[in-house]
1. I need the shape label for the range 130-201. Rule: rounded when a/c is under 1.5, else prolate if a/b > b/c, else oblate, with a, b, c from the alpha carbon gyration tensor.
2. With 10 angstrom as the radius, rank 130, 293 by how many other C-beta atoms surround their C-beta, starting from the fewest.
3. Note down, for the chain, the three equivalent ellipsoid semi-axes (square root of 5 times each alpha carbon gyration tensor eigenvalue), biggest first, whole angstrom.
4. Using only alpha carbon pairs under 8 Å that are at least six residues apart, calculate the relative contact order of the range 62-133 and give it in whole percent.
5. Of 85, 104, 264, 258, how do they rank once you tally other Cβ atoms within 10 Å and put the fewest first?
6. When the expected Rg is taken as 2.2 N^0.38 Å, what fraction or multiple of it is the alpha-carbon Rg of the range 58-106?
7. Going by C-beta contacts inside 10 Å, put 236, 100, 262 in order with the fewest on the left.
8. Of the residues 171, 109, 289, which exhibits the maximal mean-square fluctuation in a Gaussian network model of the chain defined by a 10 Å Cα contact cut-off?
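Quick note: the coordinates plus some simple rules give every number you see, no bench work behind them. These figures come from a predicted structure and were not determined experimentally. For neighbour counting, all protein chains shown are included, and Cβ atoms are generated from backbone atoms with ideal geometry for every residue, glycine included.
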Ligand SMILES: Cc1ncc(COP(=O)(O)O)c(C=O)c1O
Ligand SMILES: N[C@@H](CCCC[NH3+])C(=O)O
């Protein structure tokens, strides 16, 4: 695997991440502990600016905040000059509270509630991405009430089955997301009839953890066709084309991909089609989430129970599991890990890393090669920056871990560890 941003490499005996000793972090903050590298996040944002925004005219990048969002993360994204994609009232509220510029926020969702849309419209979010025709009426009604004209994009379902886990595909025809190709013109006509809605263009999102770039090329062709027809039929000029996110990252054996691998073919295909159809090239937007934060995160655990089943398996239990990282149990996702305090010892043993929750499916890693494991060792699981903290839960009434941010060898807490009091806070 590619260990990006793990600057500092390996010390004498402990694993160093982003310039900090992970065993010391575990001692200082306790475990389980989410650890994020601000240096890595900023490196990724830098790559986006260098190889996309500054390389091509009329481009914009927004961070898909569902991957990992806290107020501090919103401040980092703001300072990097990227926009933000939110998908719920809670994500939007976090952005508001972090003073994120609202004109740079794009609001998505396949079933946004009236309250959520009202919050978005009152706060002047930059774009609402409309997922279904009736949503137009709801936006029109609220926008009229607040006397605002809302800028929108239409989310098109391109009907493409891409290669990724079934649960994280979104652009296939049989999906809850987006307007089916067959309904586009009826939705367009409805949009043009509304007074408080300003249509800027189209959006697609194919899915997540995509490792090829062909799917994006195919989707752009489909969108170009829509842009051509919208111009031909209605004289509508597409000003913005949002090509979604989904760029895959290495978890175990996969090869890491630079941003260019995805974005160059997207831009080339948009340019090519616009020339061919005689269309003005729209602003091209990308929405990566995982690619920005996935490899920026690790999780630290302390090893407890070691259960050896003779001639079968060794279960090594950690003090976290499916609550802080539901991806293995949801998607069969695979992770790589090492013992932070035995980084130079040979990995001669095969063990299965189990969580501490009351579910047999609470397994973090099957058949992991590790040095001789002892209770008290610190396990580092890599690539947990995306869709771990953001998908964590309180099952079994267990408090969520803290999140520590590392920057240039210094650590700071950006989310406090939950307490038992937090768990019962809203109980009556
Ligand atoms: C609309 C939209 N944009 C962007 C993303 C970001 O996806 P990823 O984190 O895979 O880049 C998602 C999540 O899949 C999404 O639903
Ligand atoms: N939660 C998913 C990604 C879904 C992205 C949202 N459409 C994952 O962990 O891979």
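1. prolate
2. 130, 293
3. 41, 23, 20
4. 30
5. So the ranking, lowest neighbour count to highest, is 258, 264, 104, 85.
6. The value comes to 0.98.
7. 236, 100, 262
8. Residue with maximal mean-square fluctuation among 171, 109, 289: 109.
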